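Below: the structure, in structure tokens.
The values are calculated or read from the model by the stated rules, or taken from the named source; none is laboratory data. Nothing here was measured: the structure is a model prediction, and the numbers come from that model. We place every Cβ from the backbone using ideal geometry, glycine too, and count neighbours over all the protein chains shown. Just the protein is used for accessible areas: all its heavy atoms, side chains included, with ligands, DNA and RNA removed. Shrake-Rupley method; radii C 1.70, N 1.55, O 1.52, S 1.80 Å.
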Amino acid sequence: MAEKKPNIRFKGFEEEWEDKPFADAYKSAAEGGTPSTSVKDYYVGGSIPFVKIEDTEQKYIHDTASHITDKGMNNSSAWLIPSNSIIFTNGATIGNVAINKVPVTTKQGILGVIQDTSKFDLEYLYYALLTDEFQTEVEKRQSKGTFATIILRNLDKIDIPHTSLPEQRKIGEFFKQLDELIGAKEQELEKLRQIKLALLDKMFPSDSQDNINGG
């Protein structure tokens, strides 16, 4: 069997990689649940972030649009996911990955995954779950019904490339810095777009503006 090694890697790392199933990546994992929307006490005045699909469209979750109360959490299958865990959408919209920077709860169809830090670095795991190879395997194992879903038992069987923690940290930090650079460039690009729009308004005459030359 051919050795399993990446084509590009950081200097000083030479050991062979191996595959580990997703089940080995975490200490515990479970979907959340939605408290009954007919009970106001489950939502009004709530301070516990309640993750929905739209909250997983960014890498880091610092807060959410919706919140629930302790009573809402205790009277549903929602559970408090500790900060710095993986949030993975497994129902309807499948394959979104995020990291919660504060304790959160989630609706059904969204997994909270408390990674095993003795085996996987958090940033590395985040990027590994976004690779085409992993996402393709997720697609293959989906169940198609009223809406698509993948249960944890099937997700558990998907392999994740595994190497030493020091190499994982190097890889995770590299892609984190790359994302931060992309974000900064996107902000600069958006500022340039806004400047362009403003100049278009100011540097071309329109019928609605006064003619400063009195014409």
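Charged side chains reduced to their Cβ positions (Lys and Arg at +1, Asp and Glu at -1) give the range 31-111 a dipole of some 40 debye around its Cα centre. Note on Lys196: lysines with a C-alpha under 25 Å away, same-chain residues under 8 apart excluded, are Lys185. Taking all C-alpha pairs of the range 99-157, those more than 20 Å from each other amount to 34 percent.
For the range 38-174, compute Rh as the Kirkwood radius over C-alpha pairs and then the Stokes-Einstein diffusion coefficient at 20 °C and 1.002 mPa s; write the answer in µm²/s, rounded to an integer. Result for D is 136 µm²/s. When you restrict to C-alpha pairs under 8 Å that are six or more residues apart and normalise by the size of the chain, the relative contact order lands at 22 percent. Accessible surface calculations at 1.4 Å, restricted to protein heavy atoms, place the chain at 62 Å² per residue. In the range 45-106, the alpha-carbon atoms span a convex hull of 76 Å³ per residue. Note on Lys101: lysines with a C-alpha under 17 Å away, same-chain residues under 8 apart excluded, are Lys52, Lys59, Lys176.
Taking other residues whose beta carbon is less than 13 angstrom from the beta carbon of Glu139, and scoring Lys, Arg as +1 and Asp, Glu as -1, yields 0.
Within the same chain, aspartates and glutamates fewer than 8 places from Lys119 are excluded, and of the rest, those with a Cα less than 19 Å from its Cα are Glu14, Glu15, Glu16, Glu18, Asp19, Asp24, Asp156, Asp159, Glu167, Glu173.
The alpha carbons of the range 1-81 stretch over 59, 22, 18 Å along the principal axes, in descending order.
When +1 charges are put on Lys and Arg Cβ atoms and -1 charges on Asp and Glu Cβ atoms, the dipole computed for the chain relative to its Cα centre reaches about 340 debye. Eigen-decomposition of the gyration tensor built on the alpha-carbon atoms of the range 111-215 gives equivalent ellipsoid semi-axes of 49, 22, 9 angstrom, largest listed first. Taking the protein heavy atoms of the range 74-194 in the context of the full set of protein chains, the accessible area attributed to carbon and sulfur is 54 percent at 1.4 Å.
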